[in-house]
Amino acid sequence: MLTNLPLRATLLLALPLRAFGQDTVTVIRTTVTQTFTAAASTTPTSPQYINSLTFRESILNSTNTYRYQHSASYVYWNETLARYAQSYSENCQWQHSHGPYGENLARGYPDVTSAVDAWGDERALYEFSTTDPTGFTEATGHFTQLVWQGTQATGCGWTDCDGRNGLDGIYLVCEYWPVGNIVGEDNMFFVENVLPERSGGSSGFNELEATRGATGGTPTSTSSPSKSGANTPSATSSGESIGAPMAEVDRKGLLVTVCVTLAALLFGLGMS
């Protein structure tokens, strides 16, 4: 017998600070979303969580569906990000990890697809204007990180917190690299990295290619952008937002970080 409680969701997002001067940008590293359900303890956990390969494929399939629809290349699975996400989820702390990656958090969703859909559904509130886009907001920050053009890899982990530290149900943590939600330069970064939905929606989406990265393969890129605002999936829940941490970096520091990361990748260091 299931105990029915009202379903609600809460969003915890990073709030941007306006940069003073042209040499500063703000990186919004962390976004989270949650929903609450109550069920008997015998409720089975979705195979999307308990099977390792299915978990990776479900994350990539859902994430890359949104990315394809918004003309972003498919992301691949990264074990460094996944280990970080798994380790952090085991703390069952409903707060940001303050780590070096982009981050989306969710709790209480019955499966991976529902959690990713909750993030992606925020696009209904986003304005894709090339002259005056929405940029970063609490209501759309999960979506913009999800489809950020510059992001190339993701890795996720989960823990059934079972009430520990007040967290009920599955706690899902997803990390992204490079980070998205870069604020500054009159939202130029959002114009370049958050594109409107392509006219065909999911038409032509290749699930095999989208999930190839789950087993170590490199997925192919998607095609060039095309404008459209149709076929937005329905949301899984309503939500409210509160503020959360963010990180500031100057442009020189950002350039140094990118150069160091590229060097690490070339010489087999850093992310695997």
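Which is under 28 Å from Ser87 (Cβ atoms), modelled with pLDDT under 90 and of a type in the set (Val, Ile, Thr), of Thr236, Thr232, Thr211, Thr220? I'd like the intermediate steps shown before the answer.
Working: Thr232 fails: under 28 Å from Ser87 (Cβ atoms); Thr211 fails: modelled with pLDDT under 90; Thr220 fails: under 28 Å from Ser87 (Cβ atoms).
Being under 28 Å from Ser87 (Cβ atoms), modelled with pLDDT under 90 and of a type in the set (Val, Ile, Thr) holds for just one of Thr236, Thr232, Thr211, Thr220, which is Thr236.
Of all residues being hydroxyl-bearing (Ser, Thr, Tyr) and out of contact with any Asp or Glu (no Cβ under 6 Å at 6 or more places or on another chain) in the stretch 76-95, which is nearest to Phe55 (Cα to Cα)? Just the residue, please.
Per the stated criteria, the residue is Tyr76.
Against the definition (modelled with pLDDT of 95 or more and open to solvent by 30 Å² or more (accessible area, probe 1.4 Å)), how does Tyr84 come out, yes or no?
yes
Name the residues in the stretch 60-100 that are under 18 Å from Val194 (Cα atoms) and not in a helix (DSSP H, G or I), would you?
Applying the first criterion (under 18 Å from Val194 (Cα atoms)) to the stretch 60-100 yields 62-75.
His70, Ser71, Ala72, Ser73, Tyr74, Val75, listed by residue number.
Ala244 is checked against (1) surrounded by 17 or more Cβ atoms within 10 Å (Cβ to Cβ); (2) modelled with pLDDT under 70; (3) under 23 Å from Glu57 (Cβ atoms) and fails just one. What number does that condition carry?
(3)
Going through the stretch 87-114 one residue at a time, which ones are open to solvent by 30 Å² or more (accessible area, probe 1.4 Å) and under 25 Å from Asn206 (Cβ atoms)?
Asp111, Thr113
The values are calculated or read from the model by the stated rules, or taken from the named source; none is laboratory data. These numbers come from a predicted model, not from an experiment. Here Cβ is always computed from backbone atoms with ideal geometry, including for glycine, and neighbour counts include all displayed protein chains. Quick note on the areas: whole protein, heavy atoms, side chains included, nothing else; ligands and nucleic acids left out. Shrake-Rupley method; radii C 1.70, N 1.55, O 1.52, S 1.80 Å.
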